[in-house]
Amino acid sequence: MTQGKVDALLGIVFGDEGKGKVVDFFTPRYDVVARFAGGPNAGHTIIFEGKKFVLRSIPSGIFDEGKVNIIGNGCVIAPDLFMAEARELEAAGYQLTDRLHISRRAHLILPTHRVLDRAYEAAKGKAKVGTTGKGIGPTYSDKAARIGLRVGDILNDFDTKYTALKVRHEQILSDLHFTDYDIADEERQWMEGIEYMKKFQLSDTEHEINRYLREGKSVLAEGAQGSLLDIDHGTYPFVSSSSTTSGGVCTGLGVAPNTIGHIFGIFKAYSTRVGSGPFPVELFDETGEEIRRIGNEFGAVTGRNRRCGWIDLVALKYAIMINGVTDLVMMKSDVLDGFDTIKVCTAYTKDGVTTTEMPYDTEGWQAVYEELPGWKTPLSHLRKEEDFPAPFKAYIDYLEKALETPIKIISVSPDRDATIMR
Ligand code: GDP
Ligand code: IMO
Ligand code: MG
């Protein structure tokens, strides 16, 4: 944490690295926590004192009652889902309205955006993205096409603007012959969500954040998704539609590059991916099943199986470079407790060519592995680095050398307190 700076915590692989847990753990050190990209396609799990929450649009700093949480301009927000999420927190005793601020520049996900998500996927044939179906792609498309609705529009002749965009969407759906949908109930909830959102401070959060920074306060930017799902730097077209990398912190919050302090890159001790797209380290065997079972690798939002594999240094090096990661955070090390050997992907190979640099198109590449001895010792009860078994220490050393970046935090179980700082 640096006063007057924005630190970022970014998923640097395919998402679900454990961002929610670490943001929640970090929050006491910061004054403000802000989401800068994505929407309810995210599912950030926070577990403490026997309670579990999965947040989608609300930043994971919300459990620290004294802190301001911001949904930044780079985010997209579905009023009905936001209302359900916020009400769940209110029912659990958290007061939100004074300290959850939403950018008026953030874009609104309409019910018809979600239908379009389904319609575009249906039209894609084999090359489906495996979207979460939350309307993310169509909403960011409308933003880029300069026809989207923003949070600020709620306060200004909203019904007319809403109807105009909905009619436009209905026309596209009709052109696609995608008529099998009924949004009547959804739309009622959505409109209730619009009214509900008016309870919150819908404001110019870009000014607010910069004011905090001038006052010497510290901001934590919470990433969503992961670097390989970034619209520019990910495995296009199998990506999400926002800027999930460190550049997105600036555009998604309205802060200048020279306000950025630490960039924490979070990854798991192995790899997962949910949805389709190339994944050279994917394991289709017993080991993959084992990682999925032990790591409970099922989507927090959709419940889908997450695809599993060994850690991928090609992907991690690329993401560290793209983001300028200063500190690494390694999660879920405990999931590998039982394996005799741990594999590490050090390169990709295809048609006699071997590379350690992330290729333009990761389709068809195969992983090249090195093997390290497993630690065969339960990690989840450990709270001090001195107590780590030697082969686990060797795994950490190996990764730090290969990635040329220090691993500053290690997590060994889902709970808030199982987080070891180095
Ligand atoms: P996010 O989207 O990056 O916030 O991550 P998710 O919440 O989608 O997925 C991470 C999952 O791993 C959640 O179920 C967490 O409770 C869990 N988790 C986080 N850290 C650890 C850890 O160190 N060990 C284990 N076994 N689970 C963890
Ligand atoms: P968090 O923040 C993992 C994946 C989807 C799909 C692709 C596009 O919890 O880490 P979208 O709904 O954005 O159009 O889906 O991106 N995806 C995620 N995978 N974690 C996420 O978020 C994801 N958000 C989107 O599975 O492959
Ligand atoms: Mg998640």
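The values are calculated or read from the model by the stated rules, or taken from the named source; none is laboratory data. Nothing here was measured: the structure is a model prediction, and the numbers come from that model. We place every Cβ from the backbone using ideal geometry, glycine too, and count neighbours over all the protein chains shown. What goes into the accessible areas is simple: the full protein's heavy atoms, side chains included, and nothing from ligands, DNA or RNA. Shrake-Rupley method; radii C 1.70, N 1.55, O 1.52, S 1.80 Å.
Sort 280-286, 262-268, 10-16 for me by packing, meaning the mean count of neighbouring Cβ atoms within 10 Å per residue, highest on top. Could the numbers behind the result be given before it?
Numbers: 280-286: 15.6, 262-268: 24.6, 10-16: 28.3.
Result, highest mean Cβ count within 10 Å first: 10-16, 262-268, 280-286.
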Legend entry - Pairwise label distance in nanometres, THR354 with VAL368, each label 7 Å out on the Cα-Cβ vector: 0.3 nm
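Given a Förster distance of 45 Å, report the FRET efficiency between ASP415 and GLN171 from their Cβ-Cβ distance, rounded to the nearest 0.05.
So the FRET efficiency works out to roughly 0.35.
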Legend entry - Prolate/oblate/rounded label for the stretch 99-202 (Cα gyration tensor, a/c 1.5): prolate
Inset, instruction - Nearest 5 is fine: what % of DSSP beta bridges in the chain come out antiparallel, could you say? - result: 40 percent
Inset, instruction - Decide, for the stretch 188-264, between rounded, prolate and oblate: order the square roots of the alpha carbon gyration tensor eigenvalues as a ≥ b ≥ c, take rounded if a/c falls under 1.5, and otherwise choose prolate if a/b is larger than b/c, else oblate. - result: oblate
Inset, instruction - Arrange the residues TYR348, TYR140 by how much accessible surface each exposes, largest first, with a 1.4 angstrom probe. - result: TYR140, TYR348
Legend entry - Neighbour cut-off at most 10 other Cβ (10 Å), DSSP loop, trypsin sites (Lys or Arg not before Pro), the stretch 12-83: none
Legend entry - Under-5 Å amide H pairs with ASN305, H placed in peptide plane, nonlocal only: GLY299
Legend entry - Whole-Å distance, taken between Cα centres, linking the stretch 1-22 and the stretch 207-262: 10 Å
Inset, instruction - Extending each Cα 7 Å along its Cβ direction at ARG293 and ALA184, get the distance between those two points in nm, one decimal. - result: 4.7 nm
Inset, instruction - May I ask you to give the percent of accessible area on the chain that is carbon plus sulfur, with a probe radius of 1.4 Å? - result: 50 percent
Inset, instruction - Quick one: work out Rg over Rh on the C-alpha atoms of the stretch 171-224, Rh as Kirkwood radius. - result: 1.26
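Rank by packing, highest mean first: peptides 222-228, 22-28, with packing defined as the count of other Cβ atoms within 10 Å averaged across residues.
On the way: 222-228: 30.4, 22-28: 22.1.
Ranking, from highest mean packing down: 222-228, 22-28.
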Inset, instruction - Hey, can you grab everything whose amide H is under 5 Å from the amide H of GLY226? Only 5+ residues off in sequence or another chain; H modelled, so Pro and N-termini drop out. - result: GLY15
Inset, instruction - Can you bin the stretch 1-83 into rounded, prolate or oblate? Criterion: square roots of the alpha carbon gyration tensor eigenvalues sorted a ≥ b ≥ c, rounded for a/c under 1.5, prolate for a/b above b/c, oblate for the rest. - result: rounded
Inset, instruction - Give me the net charge of MET83's neighbourhood, meaning all other residues with Cβ under 13 Å from the Cβ of MET83; Lys, Arg count +1, Asp, Glu -1. - result: -2
Inset, instruction - Pull up all non-local amide H partners of GLY374: gap of 5 or more, or a different chain, and H-to-H distance under 5 Å with H placed in the peptide plane. - result: THR341, ILE342
Inset, instruction - For the chain, report the accessible area per residue in Å² (1.4 Å probe, heavy atoms, rounded to an integer). - result: 41 Å²
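Set the bar at 18 Å for Cα to Cα. Now go through LYS268/LYS393; LYS19/LYS401; LYS52/LYS199; LYS124/LYS166; LYS134/LYS199; LYS67/LYS198 and name every pair that lies beyond it.
Going by Cα-Cα distance, LYS19/LYS401; LYS52/LYS199; LYS124/LYS166; LYS134/LYS199; LYS67/LYS198 fall outside the 18 Å limit.
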Legend entry - Residues in the stretch 298-338 reached by a label modelled at ASP232 [backbone nitrogen below 17 Å; 7 Å Cα→Cβ]: 318-325
Legend entry - Sum of side-chain charges, PRO278 neighbourhood, beta-carbon under 13 Å (Lys, Arg +1; Asp, Glu -1): -1
Inset, instruction - Report the extension gain between THR97 and LYS217 in nm, rounded to one decimal, defined as 0.36 nm multiplied by the number of residues separating them, less their alpha carbon distance. - result: 41.1 nm
Inset, instruction - Starting with the highest mean, order 41-48, 404-411 by the number of other Cβ atoms within 10 Å, averaged over the residues of each peptide. - result: 41-48, 404-411
